[in-house]
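Here, each number is a calculation from the coordinates, and none is a lab measurement. Not measured: the values here are computed from a predicted model. Virtual Cβ from ideal backbone geometry, glycine too; neighbours counted across all protein chains shown.
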């Protein structure tokens, strides 16, 4: 019986050892999974931060380009107004009524130019949106007129 007890005791000891080793393996696997999850979370966070930075930089670049184009457009309108005023001065003596009408329109164009130059892009977009909502037919007509003018300017510059 003694040998049976020793064999049973040896098996129980082996089983206990195997259980401890299994518990250690489970703990190690849990720690590895926890470390892997932490690394994945950090990588995802870093990636999200990088994407956010890239989007912010792209938005700033786009905003800067739009602001530059807005300023250039306002300058071009101012140039047109000054040219119209100069033309009005040239035919003031021959057609004073026409010269005064041209000056009035030139003053309004110059006012629009200054308004565009002085306001932010978001303010201008809000004004255009309000105008389109209040007067959709006039907005559509202005769009057609602007398209015709741009088309004419582009066809003239290609010649």
Subject >> In degrees, nearest ten, helix 2-90 long axis to first principal axis of the chain (Cα) >> reply: 0
Subject >> R0 of 25 Å, Cβ-Cβ distance residue 117-residue 57: FRET efficiency to nearest 0.05 >> reply: 0.45
**OP:** For residue 144 and residue 92, compute 0.36 nm times the residue count separating them, minus their Cα-Cα distance, and round to one decimal in nm.
**Re:** 15.5 nm
Original post:
Say each of residue 15 and residue 65 gets a label point 7 Å from the Cα, pointing the same way as Cα to Cβ; how far apart are those two points in nm?
Top reply: 7.4
Original post:
Hey, what did the chain get for relative contact order, percent, Cα under 8 Å, at least 6 apart?
Top reply: 17
**OP:** Measure out, as a whole number of angstrom, how far apart the alpha-carbon centroids of region 58-85 and region 26-57 sit.
**Re:** 45
**OP:** Would you mind checking the tilt of helix 96-118 against the longest principal axis of the Cα atoms of the chain, expressed as 0 to 90 degrees and rounded to 10?
**Re:** 20
Original post:
Gain in length, residue 127 to residue 39, computed as 0.36 nm per residue apart minus the alpha-carbon separation, to one decimal in nm?
Top reply: 26.8 nm
Original post:
Ranked highest first by average number of other Cβ atoms within 10 Å, how do 78-91, 40-53 line up?
Top reply: 78-91, 40-53
